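Undergrad: Take this structure first; my questions come after.
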Amino acid sequence: MKKLFTLLLLVVAMNANSQTIFGKWNSTNNDTGKIDSVVEIYEKNGKAFAKIVEIKDENRQNAVCEECTGKNKNKPILGLEILSGLEKDDDEWSGGKILDPRNGKIYKCFIKLEEPNKLKLRGYIGFSLLGKTKYWTRAE
């Protein structure tokens, strides 16, 4: 009975984790189609934030955000906060910003869980019609 209860708790925990934006996500390079980093989305004071927690390319482990401005200028990409201040609005998180460390630009953004293991990110300037959509897959 104890083993069954433990198994049930494990299944419930795994299912609950897959129904949220929080956790680790694979980010794919648009040019190569390969996973280039793992990003962790976390909650702080009721808002969503994300930072790069793993860089797949061994040659880029010590890369810095050369194109960034302000406090992120020449900051290591590993550990860099790239998503900030998103608030839950129905079934999406919006009102925050996303930083693209490849070009140093900051965009308005929203994110939405499309499927338990697929996250839609939309970065834009002005309003969301002028932007770009990316999809992240949940990291194992």
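Undergrad: Can you give me the % of accessible surface on the chain that is carbon or sulfur? Probe 1.4 Å, all protein chains present, nothing else counted.
TA: On the way: 4840 of 9260 Å².
For the chain, the apolar C and S fraction of the accessible surface comes to 52 percent.
Undergrad: Compute the length gained on full extension between GLU58 and THR32: take 0.36 nm times their separation in residues and subtract their Cα-Cα distance, giving the result in nm to one decimal.
TA: Full extension of this stretch gives 7.8 nm more.
Undergrad: If you build the convex hull over the alpha carbons only and average its shadow over all orientations, what do you get for the stretch 28-73? Give it in nm² to one decimal.
TA: Over every viewing direction, the Cα hull of the stretch 28-73 projects on average to 4.4 nm².
Undergrad: I would also like to ask the following. May I have the pair-distance distribution P(r) for the stretch 17-93, computed from all Cα-Cα distances with 5 Å bins from 0 and rounded to whole percent?
TA: Bins of 5 Å from zero give 3, 14, 20, 23, 19, 12, 6, 1, 0 percent of pairs.
Undergrad: Sorted from largest down, give the three principal axis spans of the alpha carbons of the chain, whole angstrom values.
TA: Extents along the principal axes: 57, 37, 30 Å.
Undergrad: For the stretch 60-119, build the convex hull from the C-alpha positions and give me its volume per residue in Å³.
TA: In the stretch 60-119, the Cα hull volume divided by residue count equals 98 Å³.
Undergrad: A further question on this structure: Lone cysteines in the chain, going by a 4.7 Å Cβ-Cβ cut-off?
TA: CYS109
Undergrad: Something else about it: Check each of the GluC sites (Glu not before Pro) in the stretch 39-118 and keep only those in coil by DSSP with at most 13 other C-beta atoms within 10 angstrom; list them in order.
TA: Working: sites: GLU40, GLU43, GLU54, GLU58, GLU66, GLU67, GLU81, GLU87, GLU92, GLU114; in loops: GLU66, GLU67.
Of the GluC sites (Glu not before Pro), the ones in loops of the stretch 39-118 whose Cβ has at most 13 other Cβ atoms within 10 Å are GLU66.
Undergrad: Could you state the angle between the C-alpha long axis of helix 2-17 and the longest principal axis of the C-alpha atoms of the chain, as a value from 0 to 90 degrees rounded to the nearest 10?
TA: 30
Undergrad: Only Lys, Arg, Asp and Glu count, each charged at its Cβ (+1, +1, -1, -1), so figure out the dipole size of the chain about its Cα centre, rounded to 20 debye.
TA: On the way: 24 positive and 19 negative charges, 33 e Å.
The dipole magnitude comes to about 160 debye.
Undergrad: Considering only protein heavy atoms, what per residue accessible area in square angstrom results for the chain with a 1.4 angstrom probe?
TA: Value for the chain: 66 Å² per residue.
Undergrad: Further question on the same structure: With contacts defined as alpha carbon pairs under 8 Å and 6 or more residues apart, what's the relative contact order of the chain in percent?
TA: Values: 281 pairs, mean separation 25.3, N = 140.
Relative contact order of the chain: 18 percent.
Undergrad: For GLU114 and GLU81 in the same chain, what is the full-extension length gain: residue separation times 0.36 nm, less their Cα-Cα distance, in nm? Before the final figure, lay out each step's value.
TA: On the way: separation 33, 0.36 × 33 = 11.88 nm, distance 2.28 nm.
Extending this stretch completely gives an extra 9.6 nm.
The values are calculated or read from the model by the stated rules, or taken from the named source; none is laboratory data. Predicted model, so just to flag it, every value in this text is computed and none were measured. For neighbour counting, all protein chains shown are included, and Cβ atoms are generated from backbone atoms with ideal geometry for every residue, glycine included. Ligands, DNA and RNA are stripped out before the accessible areas are found, and what is left, the full protein with its side chains, is counted by its heavy atoms. Shrake-Rupley method; radii C 1.70, N 1.55, O 1.52, S 1.80 Å.
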